[in-house]
Amino acid sequence: MILITTAGKVGSEAARLLAEREEPVRVLVRDPEKATALAQAGVEVAEGDLEVPATIDAAMQGVSAVLLVSPAIPAQELNVVDSAVRAGAGHVVKITSKASADSPIARRRAQAGIENGLIASGLGYTLLRNNAYMQNFLMLAPAIAKTSSFGSSTGDGRVGLIDARDVAAVAAEIAVSPALHAEKTYWPTGPERLSYSDAAAVLSKVLGRPITFRPLTFEEERQAMINAGVPETVAEMNAQALSLFAQGDSDWITDDVPSLLGRPARTFEQFATDHAAAFS
């Protein structure tokens, strides 16, 4: 049995892919009603809360591998690690990012702490330090649909954007055969490095109308997210990460996705085509 700790964009897709392969898979959710589609796809749904160890322990029964994906809250993710140790689960695939204990971004410092706790646990582990998700553009979709433009503090920085569906596919592949990937760190990216101006050009091509990009300052970025309903602390971290893009922080690509999956990583054009309705 493979346990997935949340049913977000990566967890849901990984669960679906594993069920499609007829691999026993269970997803831990707070509200089972929101996981109806996964249950219909053959995924076992367990009700629980990452803040409540007893519910994690219940979901961990009979589990051989864990796909650890959550909003990078150390107490929650380390609860999962501790539960996996108690249950004798053999391997944890940790969805993470460019983690660093001295990063200016609190989320990256938190990821580093979680990684260190996992490594110290004695469990088998694999780290997936993903570049930025293409799906983050879906937060800009309402503005693009309404105004055919979007802004960001990324400047001219290029990013090795990756489709979250490819991260899910990599995670599922590793969870099925974890011994091949024990104590390894992968850096999944898409096949190209794009600036947000480049992304606007791709969106223009796919949508058949001009989409323009306008640079924002850090404070403008932060305030725009707050105005859109993003919690202030999260808006702060997101704006910091996007501003670091301008400095080349995410200007890197790898061949980890094709090496692990035997197929190319999705391009941003493929992503935009698949989600064209959201931008229209």
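The values are calculated or read from the model by the stated rules, or taken from the named source; none is laboratory data. Since the structure is predicted, the reported quantities are computational estimates derived from the model, not experimental observations. When we count neighbours, we look across all protein chains shown, and the Cβ atoms used for this are built from the backbone with ideal geometry, even at glycine. Keep in mind that these areas ignore ligands, DNA and RNA; they rest on the heavy atoms of the full protein, side chains included. Shrake-Rupley method; radii C 1.70, N 1.55, O 1.52, S 1.80 Å.
Computed values, structure above
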read-out: Every pair of residues 6+ apart whose Cβ atoms lie under 7 Å, when the first sits in region 128-151 and is within 14 Å of Asn238 (Cβ to Cβ) while the second is assigned to a strand (DSSP E or B) and open to solvent by less than 10 Å² (accessible area, probe 1.4 Å); value: Ala132/Val159; Tyr133/Ile162; Leu140/Phe150
read-out: Condition met for Ile174 (assigned to a helix (DSSP H, G or I), of a type in the set (Val, Ile, Thr), modelled with pLDDT of 95 or more and closer than 28 Å to Thr55 by Cα); value: yes
read-out: Some residue of region 181-195 being among the basic types (Lys, Arg), closer than 19 Å to Gln111 by Cα and not in a loop (DSSP other than H, G, I, E, B); value: yes
read-out: Any hit, region 123-140, residues being in a loop (DSSP other than H, G, I, E, B), at pLDDT 95 or above and open to solvent by 20 Å² or more (accessible area, probe 1.4 Å); value: yes
read-out: Any chance Pro210 is out of contact with any Phe, Trp or Tyr (no Cβ under 8 Å at 6 or more places or on another chain), surrounded by 21 or more Cβ atoms within 10 Å (Cβ to Cβ) and not in a helix (DSSP H, G or I); value: no
read-out: Condition met for Glu44 (over 17 Å from the mean Cα position of the chain (by Cα), charged (D, E, K, R) and on the phi > 0 side of the Ramachandran plot); value: no
read-out: Candidate set from region 146-170 (those that are open to solvent by 40 Å² or more (accessible area, probe 1.4 Å) and in contact with a Ser or Thr (Cβ under 7 Å, 6 or more places away or on another chain)); member that is farthest from Phe245 (Cα to Cα); value: Asp156
read-out: Helices (runs of 4 or more DSSP H) fully within region 1-112 counting 2 or more residues that are under 20 Å from Lys184 (Cα atoms), open to solvent by 10 Å² or more (accessible area, probe 1.4 Å) and touching a residue at least 12 places away in the same chain (Cβ under 8 Å); value: 74-87
read-out: Region 265-280, residues that are within 16 Å of Tyr133 (Cβ to Cβ) and not in a helix (DSSP H, G or I); value: Ala265, Arg266, Thr267, His275
read-out: Criterion: at positive phi and open to solvent by 10 Å² or more (accessible area, probe 1.4 Å) - qualifying residue of Glu183, Glu192; value: Glu183
read-out: Per-region count, region 230-264, residues free of Cβ contacts under 8 Å to residues at least 12 places away in the same chain, part of a loop (DSSP other than H, G, I, E, B) and open to solvent by 50 Å² or more (accessible area, probe 1.4 Å); value: 4
read-out: Which listed residue, of Ala241, Ala172, Ala179, is out of contact with any helix residue (DSSP H, G or I) (no Cβ under 9 Å at 6 or more places or on another chain) and of a type in the set (A, V, I, L, M); value: Ala179
